[in-house]
DNA sequence: CCAAAAGTGTTCTCGATACACCCATGT
DNA sequence: ACATGGGTGTATCGAGAACACTTTTGG
C-alpha cells in the first residue's frame, strides 16, 4: 500500500497510530407536521448523535448502534451520506455521516435525545451542514424512490402521505396530480378499509406494496461489511 | 463523545489506537474509444491507486496526492464516492473511495500505472465494486451535469463529444437528438473555427462555457477540510 | 343544511424519441 | 464522380403542471 509522501512519515498520528473516526447520524421523522431531527444536548446547543464505531463491525451497524444507545429508537431506514475530514480542537477526525429515517409515532427518543424542528435546531456548523445535506438527499429521493414508505405508519390515507411529502419538500403539492403520480408509480396497495376521522367523508386507507426495494440509485447496491 | 458499547472497550484497535484508513481512487478517462481506468500491477492482477491519507490534510487532497504519486497525472475532476468497511487480512480498514476524471490525451500514467479497459480489468472484488459504482455515478451525472467537460480537450467537435457520451454510456445515441439536447442545455459555446479532418466536410469546433459549475446534486456543496 | 375533508378529469406544454436526407470536402 | 463524415427538421408520444367541482359524512 502506498504511503502518501512526503508528510506521512513526518507526522505522529498516521497509520502507526491510526485515525480518529466518528460516526454521526441524522435521524429524521415527520412529527406534528414538521420535519424533526433527533438531537442531544450539548455545551451550547444541540448535536447529532455520534459515536466511535467498533473496528470489526460494518459502519452502518455502528450508525444503528449509536442511534439505539443515544435515542433508544430503531430506525426504519439507514443510508450513508458522506465522509468529511474535520478539525476537532487541534486534531483531525474522519467523520462518516448517515441519514436515518423513522416513522412518526414509533416512540419518543430516550432520556437525553429530543425531536427538534430542523429549521430551528441549534447545531454546530458541521452538524448543520450534515443535516442540510441529509434533507436535500431525502427530498431528492422522495422523487424517485419509495423512501417515503419509512416515514409512514403501516396504513395511511393519501392525504396523510401528501402531508408528509409537503412537509419534507417544504412546498405545497396539487392534490390531483399527487394522487395520479403516486398511484401511477405503483407503490401503493389500496385497502378495503376506510377511516372515519371527523365530520366529513371517510378516507380510504392504503399501504405500501411489499415487493418494493426503497433503496436505489444514490446508494451503491453493496453495503458495508464486505 | 459516545463510545459505542459494549464492545468498544473490549477491543484493542478502537479509538485508543485509531482506525486504519485507506483512500482509493478510480481515475477514468476515455481513450481510443474505450472507457479506461488507471490501474497498478498487483500480485495477481491489478489494483486501484491507493494510499493512507495524511491526518491533517483534507481527504480529497489525499486522493489527489495519491494519484499524482502513483500515476503522475493530475485529474481534472474529483468527487467522493462512498466509504466502505472491509476486511483486510484479519484486520478491518475504512476505505474511502473517490472518482476522478481526466481528459483524454493529457498524458500517460507514469512508471507503474497503466490505462486498462474497464470491462476487462482484473481487479479484486472490492476494487471491482468500487469501479462499477464509479461508472454508474459517471453515467448518471452525464445526464444532469456538465461532468463530460472533464473528459474532453478544450476544443472539440460535436461528434467527438457524442463519441465520449456513447463510450461512457455504452449505448448508441441519435445524432440529431444528441445535438439538440446538448445545445439546448446551454453548456457549449460555438467557436468560429472548424477542423479539417479527412476527405469530408470540416467539423465546427465547440468548447464548454466558462460559467458552469460541473459539480452538482450528488456531491454536497461543502467539500472536505472544513 | 352546513362545514369539512375526500375524491375525481381535462387541457396544455414541453421534453424525449424516432426517423432520412443534403452538404462540404479530398481523392 | 464518389466516398466520407458533418449537419439539419418534423411528427409523435408521454410526463408533468394548471385548474374546480361533486361526494360523503358528522353535527
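Here, each number is a calculation from the coordinates, and none is a lab measurement. On a predicted model such as this, the values are computed, not experimentally measured, just so you know. As a convention, Cβ positions derive from the backbone with ideal geometry for all residues, glycine included, and neighbour counts pool all protein chains shown.
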**Report entry** Gaussian network model of chain A, Cα within-10 Å springs - most flexible of A:111, A:159, A:83
**Finding:** A:111
**Report entry** Nearest 10 degrees, 0 to 90: helix A:158-169 Cα axis against chain A principal axis
**Finding:** 30 degrees
Query raised in the report: Taking the label point 7 Å from Cα in the Cβ direction, how far apart in nm is residue B:169 from each other copy of itself, listed shortest first?
Result: 2.6
Requested in this report: Considering only chain A, pick the residue with its Cβ nearest the axis of the rotation onto chain B, and state the distance in whole Å.
Outcome: A:18, 1
Report task. Please give the helix B:59-71 orientation as an angle from the longest Cα principal axis of chain B, in degrees from 0 to 90, rounded to the nearest 10. Result -> 70 degrees
Query raised in the report: Which residue, A:102, A:135, A:94, has the most motion in a Gaussian network model of chain A that connects Cα atoms within less than 10 Å?
Result: A:94
Report summary line: Cα-based Rg and Dmax for chain A, in Å, come out at 20.2, 74
Query raised in the report: Given 20 Å bins starting at zero, what is the percent of C-alpha pairs of the protein assembly as shown in each, up to the one with the largest pair distance?
Result: 22, 50, 25, 2
Requested in this report: Working from Cα positions, state the angle (0 to 90°, nearest 10) between the long axis of helix A:125-144 and the longest principal axis of chain A.
Outcome: 40 degrees
Report summary line: Proxy exposure order for B:150, A:200 (fewest C-beta within 10 Å first) is A:200, B:150
Requested in this report: Name the residue, out of B:91, B:148, B:62, whose mean-square fluctuation peaks in a Gaussian network model built on chain B with Cα pairs under 10 Å.
Outcome: B:91
**Report entry** At 7 Å out from Cα toward Cβ: residue A:198 inter-copy label distances (nm, ascending)
**Finding:** 7.2
Query raised in the report: What are the distances, in nm and sorted shortest first, from the label point of residue A:140 to the label points of the same position in each other copy, with each label point placed 7 Å from Cα along the Cα-to-Cβ direction?
Result: 0.7
Query raised in the report: Shape call for the range B:19-144 from the C-alpha gyration tensor, a ≥ b ≥ c root eigenvalues: rounded (a/c under 1.5), prolate (a/b greater than b/c) or oblate?
Result: rounded
